[in-house]
Amino acid sequence: MSTPPVRPRASLLLLAYLAFVSLGLPDSLLGVGWPSIRGDFDVPTDAVGLVLTAGTVGYLTSSVLAGFTLARLGVGALLAGSTLLASLALTGYALSPVLAVLVGCALLVGLGSGAVDSGLNAYAAGAFGPRHMNWLHAFFGLGVAIGPLIMTGVLSAGLSWRWGYGIVAAVQLALATAFALTVRAWQRGGPDAAAGAAVGAATASAVPIPIGATLRLPAVWSGTLAFALYVAIEVSAGLWAFLLLTEGRGLSAAVAGVCVSAYWGSLFVGRVVQGVVAERLGARLVLRVSLVGMAVGAVLIAVPGPAALAVLGLVVVGFAAAPVFPLLTLTTADRVGAAHADRAIGLQVGASGIGAALVPAGLGVLISNTSVQVLGSTLVVLALALIALYEWGARRSTGRQVSAAAGDEGQTSGPVRPVVEGR
């Protein structure tokens with residue numbers, strides 16, 4: 001018998017929103033601050049690659065490990081410790097005397113951010129509905145948008161770039177304190193929620209699942225690949241759209257810049273709007289329509305024509321892609337089972353980092369050896385691959401649920417099975 005989703009506490013929901021905003025803040029400080037940073041350290045422009053690489057390594061490592069350690073640490077302790085680590089590392093940014101120290105701090109920021117990202121997504125997938133999942137990820141975009149404003153304001157006031165990182169470090173410290181004060185409340189369902197008590201009692205009766213059992217599930221790896229493909233599409237479109245619109249479609253730099261902003265804006269608006277839609281129509285239907293919409297937008301980008309057609313394609317891709325990451329996270333337990341969901345989400349978040357790094361970089365090599373027009377056709381191929389992968393996983397998920405239901409109907413005794421929380 002399935003149980004309804006637990007109504008999240010208002011205080012935890014607010015903390016989750018603030019945490020997603022804080023996740024986006026450090027990511028966007030570097031772009032504005034790097035010219036000043038490299039000037040202070042007297043390093044070349046391309047030295048930023050060292051900082052980015054260190055951050056990516058830390059993020060991938062902690063996001064994957066968080067999924068496997070979440071049950072032992074508890075989500076509250078994981079969030080408090082990881083946010084504190086990020087705060088200390090950002091303080092290290094502000095105090096770094098040389099680039100090598102800053103690179104080491106970037107590794108620590110990645111470790112903290114990856115664990116927070118994975119832990120919060122795992123918690124939200126079990127505790128929040130489609131609307132809040134989409135809105136949480138929209139607030140990450142809000143954090144990404146606020147970061148440059150903080151650094152721009154600091155530099156415009158004649159202060160050092162170090163103040164920008166110091167401000168964000170203080171924000172992270174305040175958030176870590178809030179997480180530490182609410183560690184017990186982050187237990188799924190909350191200690192005083194009646195539904196949460198029922199879920200907790202059922203979960204406590206489940207047999208612990210070995211790590212190897214999770215890694216042997218095909219649905220875990222198909223979901224991991226789906227996340228890599230999705231983020232590859234999102235980042236590739238945003239990264240190379242400016243070049244396509246200027247060199248490929250003849251727009252001026254100013255107009256193309258506004259159009260790229262419209263792409264990211266459509267992603268934000270889409271998450272706000274479709275969060276409500278997904279709650280009414282269901283996550284699976286919205287996911288299917290969104291994936292098809294991404295393919296349609298990619299086709300509009302790929303078709304030779306006026307710049308307006310490519311811009312329309314970008315906006316369609318952004319709006320359609322908006323709910324995919326949060327809803328794929330939300331439905332992870334449906335594909336792999338609740339007992340494996342936390343670990344699978346950790347792998348998925350880690351894979352998203354790989355997709356964001358490798359595919360856009362590889363596409364850049366392809367563009368340099370052909371032309372920027374290849375962007376559209378590449379997005380079409382990736383979008384179709386994502387649709388096929390999702391449908392394959394959805395069919396396997398439906399078959400597994402039918403088999404489990406048949407087995408439960410005929411079972412009168414035997415070993416306890418992992419509990420799958422209904423939504």
Expected sort for 212-222, 127-137, 369-379 on mean C-beta neighbours within 10 Å, highest first, is 127-137, 369-379, 212-222
Under the definition of Cα pairs under 8 Å and six or more residues apart, what whole-number percent is the relative contact order of the chain?
-> 25
Report relative contact order for segment 10-204 in percent, whole number only (criteria: Cα-Cα under 8 Å, sequence separation at least 6).
-> 36
Full-stretch length increase - Gln187, Leu95 - with 0.36 nm per residue and alpha-carbon distance subtracted = 29.5 nm
Provide, for q = 0.25 Å⁻¹, the log10 of I(q)/I(0) from a solvent-free Debye sum over equal Cα point scatterers in segment 240-322.
-> -1.10
Given charges of +1 on the Cβ of Lys and Arg and -1 on the Cβ of Asp and Glu, with all other atoms neutral, how large is the dipole of segment 10-204 about its Cα centre, in debye to the nearest 20?
-> 400
Compare Val109, Val75, Val48 in a GNM of the chain, Cα atoms joined below 10 Å, and give the one with the largest fluctuation.
-> Val48
Neighbour-count order for Tyr93, Tyr165, Tyr17, fewest beta carbons within 10 angstrom listed first = Tyr17, Tyr93, Tyr165
Multiply the residue gap between Ala385 and Leu358 by 0.36 nm, knock off their C-alpha separation, and tell me the result in nm, one decimal place.
-> 8.0 nm
Cα lying deepest toward the dipole's positive end in segment 211-407, options Leu300, Leu287, Cys259, charges on Cβ = Leu287
Is it possible to state the helix-based mean residue ellipticity at 222 nm for the chain, with each DSSP H run of 4+ residues giving -39500 (n - 2.57), the sum divided by total residues, to the nearest 500 deg cm²/dmol? What is it?
-> -28000 deg cm²/dmol
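Based on the mean of other beta carbon atoms within 10 Å per residue, what is the order of 110-122, 261-273, most packed first?
Ranked by mean Cβ neighbours within 10 Å, highest first: 110-122, 261-273.
Dividing the Cα convex hull volume of the chain by residue count, how many Å³ per residue is that?
Looking at the chain, the number lands at 137 Å³ per residue.
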When N is the residue count of segment 314-380, what does its C-alpha Rg come to as a fraction of 2.2 N^0.38 Å?
-> 1.43
If one builds a Gaussian network model of the chain from Cα atoms under 10 Å apart, the most fluctuating residue listed among Ala361, Ala94, Ala66 is Ala361
Using the beta-carbon distance between Val292 and Leu52 and R0 = 41 Å, what value does 1/(1 + (r/R0)^6) give for FRET efficiency, to the nearest 0.05?
-> 0.80
Candidates Gln274, Gln348, Gln187, ranked by Gaussian network fluctuation over the chain, Cα under 10 Å, top entry = Gln187
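Which semi-axis lengths, in whole Å and largest first, follow from the square roots of five times the eigenvalues of the Cα gyration tensor of segment 10-204?
Working: eigenvalues 221, 54, 35 Å².
Rounded to whole Å, the semi-axes are 33, 16, 13.
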Would you mind computing, in nm to one decimal, how far apart the modelled labels at Leu215 and Ala254 are, each placed 7 Å from Cα along Cα→Cβ?
-> 5.6
Segment 211-407 - percent relative contact order, Cα under 8 Å, separation 6 or more = 37
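Every number here is computed from the coordinates shown, using simple stated rules; none is lab data. Since this is a predicted model, take the numbers as computed values, not measurements. Because the Cβ atoms are built from the backbone with ideal geometry, glycine has one as well, and the counts that use them run over all protein chains shown.
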